[in-house]
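Trainee: Shown below is the structure under consideration.
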Amino acid sequence: MKEIRIILVDDHALVRQGVRTLLEEEPGFHVVAEAETGDDAIPLAVREQPDVMLLDVHMPRGVDGVTAARRIKEAVPSTRIFMLTMFDDEVHLERMLLAGVDGILFKHDSSQEIISAIRSGKGVPYLPPRIRPEVRQRLLDLLKAPAKSQGVTVLTPRETEILAFIAQGYTNREIAERLHISVKTVEAHRARIVERIGAESRVDLIQYALQHGLIAKPIQ
């Protein structure tokens, strides 16, 4: 049996210790390294070239897990990345999958769930059984859809709506109040918009909104 080399990334040492103990009890699993930030995880992945990375989503220092996952996939495409998260809402799940990860695991999943995910075959991203069937299908359909159409990035109606507010200068809190959603949901949508259109600043978001008619051009 080929050894599966694994890297753990989580800002909580106790979580890493617990997961490491679990994994190293499984035949053929070997944890080769650990990191506590996304910034540390990227060069570590390049150096170690692991088969699998278990990557926490929310880490307080440096880049978050989703950004780290995207960069690791670009640098080491052969590494399979599984996100560890406490959030099971559709917005967060979409953002993780659009980063190109190979699966999503909830931190309260059973040990067998984690082992099954790591041993799962390549291809369709691993999604825990507890995700509702209709949500699962929407997520998989999202991955099948082309990211761009004739050079124009396709945003969902909600993303388009939020981008228009952002371009008009509304804060995340103001957008949340207008749309009757949480600030965290707005932040998640905003992060996904930035990723999908390749924006590097608020100016890029405004420019995109102008180009696609989401806001009116100022009168000269």
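Computed from the coordinates by the stated procedures, all read-outs in this text should not be read as laboratory data. This structure is a prediction, so every number in the text was calculated from the model and none was measured. A quick note on method: Cβ atoms are made from the backbone with ideal geometry, for glycine too, and the neighbour counts reach across all protein chains shown.
Trainee: Would you mind giving the three semi-axes, in whole Å and largest first, of the ellipsoid equivalent to region 148-211 according to its Cα gyration tensor?
Mentor: Whole-Å semi-axes of the equivalent ellipsoid: 19, 12, 10.
Trainee: Once the piece of chain linking residue 124 and residue 164 is laid out straight, how much longer is it, given 0.36 nm per residue of separation minus the C-alpha distance between them?
Mentor: Between residue 124 and residue 164, full extension yields an extra 11.1 nm.
Trainee: Once the piece of chain linking residue 75 and residue 204 is laid out straight, how much longer is it, given 0.36 nm per residue of separation minus the C-alpha distance between them?
Mentor: Length difference between fully extended and current span is 43.9 nm.
Trainee: How high is the relative contact order of the chain, given as a whole-number percent (alpha carbon pairs under 8 Å, six or more residues apart)?
Mentor: The value is 13 percent.
Trainee: Mind giving me the FRET efficiency for residue 115 and residue 183? R0 is 25 Å, r the Cβ-Cβ distance, nearest 0.05 is fine.
Mentor: Once rounded, the FRET efficiency stands at 0.10.
Trainee: Evaluate the distance, in nm, between pseudo-label points positioned 7 Å from the Cα of residue 49 and of residue 21 along their respective Cα→Cβ axes.
Mentor: Between residue 49 and residue 21, the label points sit 3.3 nm apart.
Trainee: Now, a different point. According to the square roots a ≥ b ≥ c of the eigenvalues of the Cα gyration tensor, what is the shape class of region 1-112, taking rounded for a/c under 1.5, prolate for a/b larger than b/c otherwise, and oblate for the remainder?
Mentor: Rounded, because the longest to shortest axis ratio a/c is under 1.5.
Trainee: Which value, in debye to the nearest 20, describes the size of the charge dipole of the chain about its Cα centre when Lys and Arg Cβ atoms bear +1, Asp and Glu Cβ atoms bear -1, and nothing else is charged?
Mentor: In debye, rounded to 20, the chain gives about 680.
Trainee: Pop a pseudo-label 7 angstrom from the Cα along the beta-carbon direction at both residue 108 and residue 143 and give the gap in nm to one decimal.
Mentor: In this crude spin-label approximation the distance works out to 2.5 nm.
Trainee: How large is the dipole of region 148-211 about the Cα centre if only Lys and Arg carry +1 and Asp and Glu carry -1, each at its Cβ, rounded to the nearest 20 debye?
Mentor: So the dipole magnitude of region 148-211 works out to roughly 120 debye.
Trainee: Mind checking which aspartates and glutamates have their Cα closer than 12 Å to the Cα of residue 2? Skip sequence neighbours fewer than 8 apart in that chain.
Mentor: The qualifying aspartates and glutamates are 51.
Trainee: Moving on to the next point. Starting from 0.36 nm per residue, how many nanometres of slack lie between residue 132 and residue 30 once their C-alpha separation is accounted for?
Mentor: Using 0.36 nm per residue and subtracting the Cα-Cα distance, I get 33.5 nm.
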